[in-house]
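Novice: Got a structure for you, written out below as C-alpha cells; questions coming shortly.
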Amino acid sequence: MDGAHGEGMNAIQQHMFDSYRALQQGVPAPPAPGTDEVRTVREILGWREFCRVLAGRVVRRRVLATRPASAASAPATARVPEAGRCR
C-alpha cells in the first residue's frame, strides 16, 4: 500500500523513481511513459498487413497520423522480424 490513499504509483511517479534510481546507479534514464506508443502501433499494424499480403488477402491502407515533413521525404523501409509467425 503505497501513497497517501493506499494506492500504487502512477506512471509519472514510477518514471521519476526509475530516473532517480538510474541516476544513482550511473545508467541511462528510462524513456518517458508513452514515448513509443504510436510507433509500436504502426509496427503492429504493418506486421498484420504483411501477414495479409502473404496470405493473399486484400489489404486496406490506414493512416494513423501524419509524419513530420523530414520523415515524409525519407524512403520508407520495412523490417521483417527474425522470429515470429503470421497467424
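The values are calculated or read from the model by the stated rules, or taken from the named source; none is laboratory data. For clarity, every value in this text was computed on a predicted model and none was experimentally measured. Using ideal geometry, Cβ is built from the backbone for each residue, glycine included, and neighbour counts are taken over all protein chains shown.
Novice: Specify which of the listed residues (Q14, Q24) is exposed (fewer than 10 other Cβ atoms within 10 Å of the Cβ), of a type outside the set (D, E), modelled with pLDDT of 60 or more and not in a loop (DSSP other than H, G, I, E, B). Give the derivation first.
Specialist: Working: Q14 fails: exposed (fewer than 10 other Cβ atoms within 10 Å of the Cβ).
Only one candidate passes the filter, namely Q24.
Novice: Return the pair list, or none, for Cβ contacts closer than 8 Å from residues in region 42-58 that are at negative phi to residues that are surrounded by 10 or more Cβ atoms within 10 Å (Cβ to Cβ) and among the basic types (K, R), at least 6 apart or on different chains.
Specialist: V58/R52
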